[in-house]
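The values are calculated or read from the model by the stated rules, or taken from the named source; none is laboratory data. Here the structure is a predicted model, which means the values were calculated and not measured. Here the Cβ positions follow ideal geometry from the backbone for every residue, glycine too, while neighbour counts run over all protein chains shown.
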Amino acid sequence: MIKTILVPATGSDRDNVVFGSALAIARAFAAHLDFLHVRPDAAATAVAMASDGGGATMVGGLIDRLEEEASQREEKAKRLFQGFCEREGLALRDAPPAPQGPSAQWLREIGAEPYWVAEYGRAADLLVIGRPGEDEGVSLDTIEGALIDSGRPLLIPPAVPLTALPETVAIAWKATPQAARALTAASPFLSMAKQIVVLTVAEDRRALEEEADRLIAGLRWRGIPVSVRHLRAEAHSAPETLLSAAAEHAALLVMGGYGHSRLREWIFGGFTRHVLQGAAVPILMAH
């Protein structure tokens with residue numbers, strides 16, 4: 001069951017898309033939404049920048065400029081949050097009991113966004129984080145910290161906000177502990193799904209079929225129709241093959257440490273950059 005959801009509020013124009021997807025999930029589970037804004041530490045940032053190519057004389061002016069930028073970003077983030085809550089009729093709560101539907105709370109910290117998102121994320125049932133942009137939104141470091149260091153599942157929504165829970169869920173499956181944990185994290189979504197599709201990318205076809213058969217046998221106890229697709233692709237085209245199949249057959253892709261033994265290298269290598277930039281469906285990941 002999902003009862004608490006953490007959502008970074010970055011002050012980016014992308015925030016409303018992420019907010020909308022998080023709210024669709026919160027409505028399905030009557031969950032509470034924590035919107036977290038992390039304001040950069042201007043002094044620490046200025047000192048680090050000055051040490052790379054400047055000196056003490058430039059630090060004072062740099063701090064002032066960074067503080068101004070941080071203030072503007074924080075003000076925009078809070079305006080977006082307040083406007084979103086007003087439009088959607090979200091009740092503001094900082095402690096239970098909550099109303100019948102979803103509720104929301106504004107949280108603020110100063111420091112490094114990856115650190116604080118992971119810290120707050122450990123106490124949440126789910127994190128919903130948007131895809132990183134070149135100069136706005138969360139950073140790839142924040143997504144990495146959320147997934148690797150929080151110990152919680154992470155949902156990355158598509159470019160268009162979700163309006164309801166996906167009815168068809170695809171599971172990118174390889175028999176690894178990370179994929180198994182992703183499957184467990186997806187249980188609330190699977191319990192409300194109408195169809196499950198298991199996707200494998202062939203390396204050893206026979207072994208993959210046996211692994212998929214065991215998974216399907218377990219999933220069928222949920223009473224939900226389950227099908228399987230064994231995909232063939234070369235290593236360099238595996239991401240495109242998997243994402244294309246997910247977009248064709250499902251409205252949510254669940255994945256863990258699929259494809260490589262070292263999760264950190266794989267999750268934040270070319271595959272996930274491809275996912276973050278171009279996946280047509282939301283992605284639920286767990287470490």
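The table below gives the values:
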read-out	value
Candidates ALA104, ALA179, ALA164, filtered to the one that is in contact (Cβ under 8 Å) with a residue 60 or more places away in the chain and part of a strand (DSSP E or B)	ALA104
Flag for ALA77 being under 17 Å from ILE129 (Cβ atoms), assigned to a strand (DSSP E or B) and in contact (Cβ under 8 Å) with a residue 24 or more places away in the chain	no
Residue in segment 108-123 that is touching a Gly at 6+ places or on another chain (Cβ under 6 Å), within 30 Å of ARG220 (Cβ to Cβ) and either of a type outside the set (D, E, K, R) or not in a helix (DSSP H, G or I) (or both) present	no
Residue match in segment 222-229 (condition: assigned to a helix (DSSP H, G or I), at pLDDT 80 or above and either within 25 Å of the chain's Cα centre (by Cα) or not assigned by TED's automatic domain parsing to the domain that holds GLY151 (or both))	yes
Condition met for VAL128 (modelled with pLDDT of 95 or more, assigned by TED's automatic domain parsing to the domain that holds ASP15, surrounded by 21 or more Cβ atoms within 10 Å (Cβ to Cβ) and within 11 Å of the chain's Cα centre (by Cα))	yes
Given (1) acidic (Asp, Glu); (2) within 21 Å of GLU74 (Cβ to Cβ); (3) assigned to a helix (DSSP H, G or I), number of the condition GLU144 does not satisfy	(2)
Scan of segment 61-120 for residues that are at pLDDT below 90 and either under 27 Å from ILE148 (Cβ atoms) or aromatic (Phe, Trp, Tyr) (or both), ordered by number	ALA70
